[in-house]
1. Being open to solvent by less than 10 Å² (accessible area, probe 1.4 Å), of a type in the set (Gly, Ala, Ser), modelled with pLDDT of 95 or more and more than 17 Å from the chain's Cα centre (by Cα) is true for just one of Gly181, Gly166. Which residue is that?
2. Give me the pairs: first residue in the stretch 314-342 and touching a residue at least 40 places away in the same chain (Cβ under 8 Å), second residue surrounded by fewer than 16 Cβ atoms within 10 Å (Cβ to Cβ) and not in a loop (DSSP other than H, G, I, E, B), beta-carbon distance under 6 Å, and six or more apart or on different chains, which are they?
3. Name the single residue, out of those in the stretch 337-353 being in a loop (DSSP other than H, G, I, E, B) and either out of contact with any helix residue (DSSP H, G or I) (no Cβ under 8 Å at 6 or more places or on another chain) or among the polar types (S, T, N, Q) (or both), that is nearest to Val257 (Cα to Cα).
4. Quick one: which residue in Phe151, Phe176, Phe124 is of a type in the set (Phe, Trp, Tyr), in a helix (DSSP H, G or I) and either in contact (Cβ under 8 Å) with a residue 24 or more places away in the chain or loosely packed, with under 14 Cβ neighbours inside 10 Å (or both)?
5. Go through the stretch 363-446 and tell me which strands (runs of 3 or more DSSP E), entirely inside it, have 2 or more residues that are more than 22 Å from the chain's Cα centre (by Cα).
6. Just need a number here: residues in the stretch 210-228 that are open to solvent by 40 Å² or more (accessible area, probe 1.4 Å), within 15 Å of Ile182 (Cβ to Cβ) and charged (D, E, K, R).
7. Taking into account only those residues within the stretch 26-69 that are open to solvent by 60 Å² or more (accessible area, probe 1.4 Å) and hydroxyl-bearing (Ser, Thr, Tyr), which is farthest from Phe198 (Cα to Cα)?
8. Would you say Arg385 is basic (Lys, Arg), open to solvent by 20 Å² or more (accessible area, probe 1.4 Å) and under 19 Å from Tyr144 (Cβ atoms)?
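The values are calculated or read from the model by the stated rules, or taken from the named source; none is laboratory data. What you are looking at is a predicted structure, and each value in this text was computed from that prediction instead of being measured. We place every Cβ from the backbone using ideal geometry, glycine too, and count neighbours over all the protein chains shown. When the accessible area is computed, the model is the full protein with side chains, heavy atoms only, and any ligands, DNA or RNA have been set aside. Shrake-Rupley method; radii C 1.70, N 1.55, O 1.52, S 1.80 Å.
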Amino acid sequence: MRAYFTLLFFLSITATFAQLVSGPMLGQIELRTAKIWVEVKPGTTVHCRYWKKGNTSSAQNVYQSTNKETWYAPVTFDLVGLDINTTYEYQIQTGTAQKVVKATGEFTTKDLWQYRKPVPDFTFLTGSCAYFNEPVYDRPGAPYGKDSSIFEAMAKEQAAFMIWLGDNWYLREVDFSSEWGIWYRAHRDRSHPILQGFLKSMPQIAIWDDHDFGPNDSDKSFHLKEISRKVFLQYWANASAGEGGEGIYTKFSYGDVDFFLMDDRYFRSPDDMQTLIDGNPNPMKRMWGPKQMEWLKSALRFSRAPFKIIVTGSQTLNVVSPFNCLQAYPIEFEEFMAFINLEKIGGIVFLTGDRHHSEVVKYDRTNNYTLYDITSSPLTSAVGRVGGKEKDNPSRIAGTLVEDQNYSRITVSGKPNERTLTVEFMGAKGGKLATWSVRETDLRSK
């Protein structure tokens, strides 16, 4: 009889465990709020129980019931009314019997340092191009996805958050022709066991690029872009996404740094659209689009941050790139350059992905500070080695080219008005491959 009840208990535990598909993942954590994401089986009731660390008597519980008729069931919990600079523990529980603990983790809310304490130093991670092999649907030849243990190295970092720079999963030919296919790819890639420890180790913030938006080099004409946006919103837990139901652009701050998360696909003109008409920039060829550009200008005007990091999927400043970066959309590039000159916007740094190598590229301006583009790629996809004019790119900062799997560890440190941004390109096992830094004082507008 004891063996019978032991078997029933084991089967009950196994069935409940099977209800959790992936996660938990930390989304955006603020002063008094937090987002926790998890994916469960459709038709599951999932609970998030949370409390101040070491004080289970303060526990609160929120829950959601998912629709059993859906293909997949990602859930985001919004935890509110939290205390500042406080560590909370949480448990994700599924089913009606809440005695079975499915997953645990912890997070710490931001500190209210403004007007009270010195500005905090902090470190964050970033990278792009994460490919998980699925041989039956992958292209023939050598596997495109490489060593996924890079996520284990990243999980060990004591970082404040991670920014995914796009190509966070790769839609295949069997995916991007149907709504179900787009859902399937996000679901499958998110559920890989090797990702799970990293997802809950720090808040995860994201933008997209072509491969997690649609086909290679996809643009605003992609007929399922609204589905892609819906899936993105369900699988990431950013604070917001676009305006009026369009795009995924948004902004967040950490410490004294502002991050402007751009959408380089939803409004994008075709890459092969004519760049110049009668020697002048084609006014129709745009990457970000007028609506998003106006938002960015307003947000930059409002910002007082010493570093204003513009995060976008495609490179922006690489004049010898064989692919389309922002300079291949001269109507926008020239408009943006004129704006930051006129408004004397200081502190701008670009953070980009896509290229399957990492580097720092500079763009010298007449009578104003130099702009920099930090490119971080790839996480697990194949490496793209530079060639042609790019091989000896005169705009590349010497010693920053990395042609290997890597992620970036970026630290902001120093006294007020003397802040420094330091970039370290880290290998798949965590070793340092290259480093570069820039001072706040180097990015002051003239």
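1. Gly181
2. Val320/Lys389
3. Lys344
4. After ruling out the rest, the residue left standing is Phe151.
5. Of the strands (runs of 3 or more DSSP E) lying wholly inside the stretch 363-446, those with at least 2 residues that are more than 22 Å from the chain's Cα centre (by Cα) span 368-375, 432-439.
6. Result for the stretch 210-228: 1.
7. It comes out as Ser57.
8. When the stated conditions are applied, Arg385 passes them.
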